[in-house]
Amino acid sequence: MLKKILIILGILGVFFLCFVYIGQNKHQDNSTVIQFASWGSKSEVDILKPLLDEFEVENPDIRVDLMHIPQNYFQKIHLLFASNTAPDVIFINNHYLPIYANAGLLEPLQADNNFYKKSLEALSWGNTLYAVPRDISNLVIFYNKDIFDRYGVKYPQENWTFSDFLKTAKSLTRDGIFGISFEEDTLFYLPYLMSEGGGILADDLSRLIIDDAASKKGLNFYADLRKKYHVAPLREESASATMAQMFLQGKLAMQLSGRWLVPKYREEADFDWDVVNFPSGDRGSIVPLDASGWAIAKSSKHKPEARKLVDFLASKRSIEKFAASGLIVPAREDVAESIYFLDNKKPLHTRVFLDVIKTSKPTPVSVDYKEILDNLKGRFEYLFN
């Protein structure tokens with residue numbers, strides 16, 4: 001009897017293996033392969049890969065070839081477009097999107113009303129959406145509550161001004177500790193300009209406004225934090241350490257930065273910390289709002305399949321998984337207002353990242369924005385140092 005059972009099981013096993021083999025070959029022979037390019041740290045890729053596996057299970061006729069490009073991402077994307085080998089789906093941000101959209105290299109897209117309006121605005125060119133958003137990038141002030149407590153300084157409040165901010169930074173600058181971070185990248189001085197009513201480019205991109213009085217006022221205030229008041233570290237004082245490293249080392253009481261640092265600080269900070277909105281200048285508290293999302297190449301031969309992938313990645317279920325990592329501010333309001341983002345973990349005032357959206361401003365970016373910044377770099381380097 002046992003022998004008969006083993007024979008039957010053996011025959012069934014052969015049939016099963018044949019079925020699997022036929023199924024695999026059918027998938028390989030008939031599936032449509034779409035290429036998807038993305039940057040991202042290991043932690044981001046660890047979220048992304050299982051999502052792509054889910055997508056392939058739900059869409060057995062589509063296979064996704066992930067092109068992970070961790071460094072020099074847009075240089076390589078430029079080359080792929082130039083050689084007519086652009087991926088079908090491209091993860092992109094609002095700083096580079098105008099270059100491709102203006103050249104007619106991206107497919108116009110649509111998104112539902114679950115996304116923050118400003119995230120859609122950031123990823124549009126000529127009033128046309130060219131990428132469906134994944135996240136919003138804005139800036140807040142991180143602060144070390146232990147340092148505030150040590151020196152008896154009150155925690156910053158939502159309605160604080162540039163004057164309050166400077167007074168606070170002065171009170172905290174002592175014993176080898178600096179009151180506030182200082183970085184020479186445009187992202188980190190734009191809030192000072194915008195909050196005074198200035199910036200780099202006019203909102204309609206018609207002219208440079210960097211030499212307007214409001215922009216100069218913001219720039220000079222920022223430079224003075226380092227040079228006049230010395231509440232921010234000079235270049236030689238930070239040496240090779242990043243501002244994040246100095247914050248973790250307890251050498252910075254406050255740091256201007258974004259949501260991307262939250263997972264690192266949750267894991268590595270051995271002190272209590274929180275976040276607050278950027279202080280108000282003459283025009284209020286205004287920080288640049290940037291966004292990243294998924295675009296489709298105009299040259300794609302598989303647009304319906306590419307759109308399926310974009311819709312899947314931008315779905316509530318997928319964005320929840322990105323949000324749960326702590327890395328991003330979700331561009332979807334229904335996820336931002338959920339436990340996946342408001343997760344009762346540090347920082348205590350996580351909602352600040354959402355409140356800031358209301359007063360933030362999508363960064364005015366032109367086709368030649370990078371060239372403009374390169375031309376200004378030497379000038380600002382002199383001013384800051």
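FYI, it's all coordinate maths here, none of it is from the lab. Given the structure is predicted, the values throughout are model-derived calculations rather than measurements. Virtual Cβ from ideal backbone geometry, glycine too; neighbours counted across all protein chains shown.
Spin-label model, residue 59 to residue 83: label points 7 Å out along the Cα-to-beta-carbon direction sit 2.5 nm apart. The aspartates and glutamates within cross-link reach of residue 216, meaning a Cα-to-Cα straight distance under 19 Å and a gap of 8 or more places when in the same chain, are 183, 184, 185, 196, 203, 224, 282, 374, 381.
Amide H to amide H, with H built 1.01 Å from N, residue 63 comes under 5 Å of 32, 33, 34, counting only residues 5 or more places away or on other chains. Using only alpha-carbon positions in the stretch 124-251, the gyration tensor eigenvalues give semi-axes of 30, 18, 15 Å once each is multiplied by 5 and square-rooted (largest first). In this structure, the pairs whose alpha-carbon distance is over 28 Å, taken from 308/370; 145/167; 154/316; 118/227; 42/316; 49/76, are 308/370; 154/316; 118/227. Distances between placed amide hydrogens fall under 5 Å for residue 129 paired with 109, all partners being 5 or more residues away or on another chain. In terms of the mean number of neighbouring beta-carbon atoms within 10 Å, the peptides 54-61, 162-169 order highest first as 162-169, 54-61. Once the C-beta distance of residue 207 and residue 183 is scaled by a Förster radius of 25 Å, the resulting FRET efficiency is 0.40 to the nearest 0.05. Taking the average, over residues, of other Cβ atoms within 10 Å as the packing measure, peptides 131-137, 213-219, 274-280, 80-86 rank 131-137, 274-280, 213-219, 80-86 from highest down. Stretching residue 76 away from residue 342 to a fully extended chain increases their span by 92.2 nm, per 0.36 nm per residue minus the current alpha-carbon distance. Peptides 118-126, 295-303, ordered by how many other C-beta atoms sit within 10 Å of their residues on average, highest first, read 118-126, 295-303. Helices in the chain, meaning DSSP H runs of at least 4 residues, each add -39500 (n - 2.57). Divided by all residues, the mean residue ellipticity at 222 nm is -13500 deg cm²/dmol. Mean silhouette area of the stretch 61-111, derived from the convex hull of its C-alpha atoms and averaged over all directions, reads 4.7 nm².
Residues in the stretch 213-219 carry Karplus couplings, in order, of 4, 5, 5, 4, 4, x, 5 Hz; the curve used is 6.51 cos²θ - 1.76 cosθ + 1.60 with θ = phi - 60°, and Gly or Pro positions show x.
What residue among 57, 86, 131 has its Cα farthest toward the positive end of the dipole of the stretch 47-202, where the charges are +1 on Lys, Arg and -1 on Asp, Glu, each on the Cβ? Result: 131, furthest along the dipole toward the positive end. Above 14 Å, the calculated P(r) of the stretch 323-385 contains 68 percent of its Cα-Cα pairs.
Computed from backbone phi with θ = phi - 60° and the Karplus coefficients 6.51, -1.76 and 1.60, the 3J(HN,Hα) list for the stretch 366-376 is 9, 4, 9, 4, 4, 5, 4, 5, 4, 5, 8 Hz; x is used for glycine and proline.
Taking all Cα pairs closer than 8 Å and separated by 6 or more residues, the relative contact order of the chain comes to 25 percent. Summing Lys and Arg as +1 and Asp and Glu as -1 over all other residues whose Cβ lies under 15 Å from the Cβ of residue 385 gives a net charge of -1. In terms of overall dimensions, the C-alpha atoms belonging to the chain reach 89, 53, 38 Å along their principal axes, ordered largest to smallest. With N counted as the residues of the stretch 48-195, its alpha-carbon radius of gyration over 2.2 N^0.38 Å works out to 1.48.
The Cα-based radius of gyration of the stretch 105-187, divided by its Kirkwood radius, gives an Rg/Rh of 1.20. Note on the stretch 259-385: the alpha carbon radius of gyration divided by the globular reference 2.2 N^0.38 Å gives 1.33.
Say a paramagnetic label sat at a point 7 Å from the Cα of residue 301, along Cα to Cβ; which residues of the stretch 83-100 have their backbone N under 14 Å from it? Residues 84-88 qualify, since their backbone N sits under 14 Å from the label point. For residue 371 and residue 351, the difference between the fully extended length at 0.36 nm per residue and the C-alpha to C-alpha distance is 3.7 nm.
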